[in-house]
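The numbers here are math on the coordinates, done by the rules we state, and not lab data. For clarity, every value in this text was computed on a predicted model and none was experimentally measured. Please note: Cβ atoms are built from the backbone with ideal geometry, for glycine as well, and neighbour counts cover all protein chains shown.
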Amino acid sequence: MTDTHLEAEDEHAENAAGEPWRDAEIPDEDVALETDSVSKHYGSETAVENLSLRVREGELLTILGPSGCGKTTTLRLLAGLEAPSEGTVHIEGRRVADADAARPPNERNVGLVFQDFALFPHLSVAENVAYGIADASDEAQAGRVEELLDLVDLAGFEERDPSELSGGQQQRVALARALAPEPDVLLLDEPFSSLDVRLRVEMREELKRILSAAGVTAVSVTHDQEEALSLSDRVAVMHDGQLEQVGPPEAVFENPESRFVASFLGHAGFLSGNIGEETVETQVGPIPRTQLTGTVEPYVGAMVDVLVRPDDVALAPAVGEPDGFVTRRQYTGPSFVYDVELANGDRVRCRQNHTESYPVGSGVDLELVADHALAWYPTQS
Ligand code: ADP
Ligand code: MG
């Protein structure tokens, strides 16, 4: 094991101790794909800004962000369907794009899977899979098609037409087709968005299995946080054309470094309060300073917003003056999710067992039940 590996291990140890997580430097020899300060402008519009990212050999990295934040543009820049306005892209150590020149997709050895799968309707399943390896001998093509249809669990479907397949099966074919030429990097744009909810969850597991069996490096993009968190080795959260945070799913979820990441992941709410010597005074009572992440000292006397997720707070019927009022109630089966507006205007969300029910408009008291460190952000004025 190299020294750099050991440092990376240390960084994880520090995270376990509750320190904010920082993206560990990926050693040069492990980098499959790298962008350095990449921007893409369309006229006065900036779709991607100053994007620097390293993707590790064999990992699945998911770019996660709301609609319009620049995910598809990023993927198109990696694929060679767009040229960067500034910055460079390297794949397997080879420079494939800078501000002066960009290699087209067929000179990058990348595989592409789009959200609509884009299978060729007039070609059979086998012909679709063989499409990218037409230069190989018939025998080699047939061998590779068989191997890949096995991998995606579609052995025996060689002669079918795409129109005879279900959405999930079409996606498997699209994956097999993209993997056939043994790409250095597989790029997937919202690969599950055209599948129904049940199939989406099933295909997530399948994609993970297929990518890991193929041993391919992959970059996917999605706006679906559950998909990104459950599927990926690392998640890169994107907002307004820029990366906000990159890291393993748990690290990004538990230690969001910005207010945007915090509120985008996990339906978060915030409790505002003044940092005192021992506690933060909030509408629902004091929070010990020791329960806050990171270094609080420089902020004593300042207003901060403490991140609380639906499982961090519990509701009770109001005793006397209520802490707040229920503004929305959502039934999810095993639980209710309540939006509560506090007297000072703070909004929090709370998950409660379905056996307890508070109608909209109920006065409620809130108790902080989180037993973990809480992230916080200086209040924006
Ligand atoms: P996402 O995939 O995250 O929804 P996109 O990468 O498609 O976001 O778009 C990011 C921003 O760039 C949007 O504001 C979009 O309108 C703009 N954009 C994308 N492609 C073009 C284009 N070809 N011309 C002009 N603006 C574009
Ligand atoms: Mg998109």
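The residues packed around Val221, meaning those with a beta-carbon under 9 Å from its beta-carbon, carry a net charge of -1 if Lys and Arg are +1 and Asp and Glu are -1. Selection among Gly241, Pro84, Gly333 by position relative to the dipole of the chain gives Gly333 as farthest towards the positive end (Cβ unit charges, Cα centre). Expressed to the nearest 5 percent, the antiparallel share of DSSP beta bridges inside segment 189-343 is 95 percent.
When the charge dipole of segment 62-209 is built from unit charges on Cβ atoms (+1 for Lys and Arg, -1 for Asp and Glu) and taken about the Cα centre, the candidate among Leu119, Leu165, Ala97 whose Cα reaches farthest toward its positive end is Ala97.
Considering only Gly143, Thr74, Leu53, the residue lying farthest towards the positive end of the dipole of the chain is Thr74, judged by Cα position with unit charges set on Cβ. Of the GluC sites (Glu not before Pro) found in segment 276-307, the ones in coil according to DSSP and having at most 11 other Cβ atoms within 10 Å of their Cβ are Glu277, Glu278. Magnitude of the charge dipole for segment 110-153, about its Cα centre and with charges confined to Cβ atoms of Lys, Arg (+1) and Asp, Glu (-1), is about 160 debye. Simple point charges give the picture: +1 on the Cβ of Lys and Arg, -1 on the Cβ of Asp and Glu, and for segment 3-257 a dipole about the Cα centre of about 840 debye. Counting only DSSP beta bridges whose two residues both lie in the chain, roughly 75 percent are antiparallel. Computed over segment 85-215, the convex hull of the alpha-carbon atoms projects to a mean area of 9.0 nm². Other residues within the sphere of radius under 11 Å centred on the Cβ of Asp365, judged by their own Cβ, net out at -3 (K and R +1, D and E -1). From the Kirkwood radius over Cα pairs of the chain, Stokes-Einstein at 20 °C and 1.002 mPa s returns a whole-number translational diffusion coefficient of 92 µm²/s. Full extension of the segment from Asn109 to Arg160, taken as 0.36 nm per residue of separation minus the current Cα-Cα distance, would add 15.6 nm. Looking at segment 287-380, the GluC sites (Glu not before Pro) that sit in a DSSP loop and have at most 14 other Cβ atoms within 10 Å of their own Cβ are Glu356.
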